[in-house]
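The values are calculated or read from the model by the stated rules, or taken from the named source; none is laboratory data. Source: prediction; values computed, not measured. No Cβ is skipped: glycine too gets one built from the backbone with ideal geometry, and neighbour counts run over all protein chains shown. Side chains are part of the model used for accessible areas, which takes the heavy atoms of the whole protein and leaves out ligands, DNA and RNA. Shrake-Rupley method; radii C 1.70, N 1.55, O 1.52, S 1.80 Å.
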Amino acid sequence: MDLKQLQYFVACAQAGSFSDAAKILYSTQPSVSKVIKALEDTLGMQLFERLPRGIRLTVQGQKVYHYACKITNEMNVLENMALGGMTKWIRISLNPSSWFANQFVDFYNETYEKNYHFQITTAGVRSVMERVRDYMDDIGFVYILSQQKENFLHELTKNKLQFFTMYETDVVLYSGRKTEIYASRKDKAEIADLEGIRFIQNYQDEFFDIGAAREDAFQWKDLDISVLTNSDYIMEKMLRNSRVANVSGSYLSENKTGTTPGIPLNMGDSKVIFGYMLHKGEKIDESIQEFLDFLVSRLPKS
């Protein structure tokens, strides 16, 4: 077994076909197929199911994929170290958040002399979980509803991850300037007020409706989400200039200029939970801990 085989394997798993992987690897489909067959022979197991259109990881292949991702990503880190001496890389994935972006900029400026290098990726909750699980990132920050927490934690346990809550906040409605609810200047909103409004949200994630079995529980699928984006800039522009609204936390999106101040949304006992996930039982790197301590210092005091 060699590193090339693992790199080809990871590329195939992510591309979903040998031909697409070949394009990414600047190779040919027969060459890629040959490398994967050699890896399967070495391991003594079938890694992919060959389908009429594309390929799919077998159960054993999924297990191998987790280890292969860890190995290839650590090799990327070593290559970066070779290029930049002892440069320290901090790899972070997160749900989009203008609040987080502001804190990151301040942290970068404060630690500038330490020469930290960062890789920042925005994604949905499940993607963040998978990136941390597969060692593509060192830490992942997410926002979930409290009604989803139990099922969310169960999913993390299956992937040998753990979650740490950093802050809980009320659910808030941000209404764009051209919505009727903006003109009404309400000081509190009910679920019924959301009818007829189109929404812009960062992600429509699989975890949105996990744990929402109660009839009175809030479910994102009941909203008319007309725009999904990972751009806070687009979010702000849309809220300022169109007939959309947004549901998020009371402090998580402080740059929604051009909207009313956040209107508390009555969702019973539901809260927005902000926290981070790591590999279970693994020691936190000092630089990651430094960043966590910095974020905690910037969170609103209870």
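Observations on the model:
- For the stretch 15-31, the candidate set comprises residues that are within 30 Å of the chain's Cα centre (by Cα) and open to solvent by 40 Å² or more (accessible area, probe 1.4 Å); within that set, the residue that is nearest to residue 1 (Cα to Cα) is 25.
- Of all residues in the stretch 127-171, those satisfying the criterion of being open to solvent by 50 Å² or more (accessible area, probe 1.4 Å), within 20 Å of residue 298 (Cα to Cα) and either of a type in the set (Lys, Arg) or in a strand (DSSP E or B) (or both) are 164, 165, 168.
- For the condition farther than 27 Å from residue 144 by Cβ and open to solvent by 50 Å² or more (accessible area, probe 1.4 Å), residue 34 qualifies.
- Residue 77 assigned to a helix (DSSP H, G or I), among the β-branched types (Val, Ile, Thr), touching a Lys or Arg at 6+ places or on another chain (Cβ under 9 Å) and modelled with pLDDT under 90: yes
- Residue in the stretch 104-119 that is modelled with pLDDT of 90 or more, buried (at least 18 other Cβ atoms within 10 Å of the Cβ) and out of contact with any Lys or Arg (no Cβ under 7 Å at 6 or more places or on another chain) present: yes
- From 174, 203, residue being under 20 Å from residue 237 (Cα atoms), modelled with pLDDT under 85 and either of a type outside the set (S, T, N, Q) or out of contact with any Leu (no Cβ under 8 Å at 6 or more places or on another chain) (or both): 203
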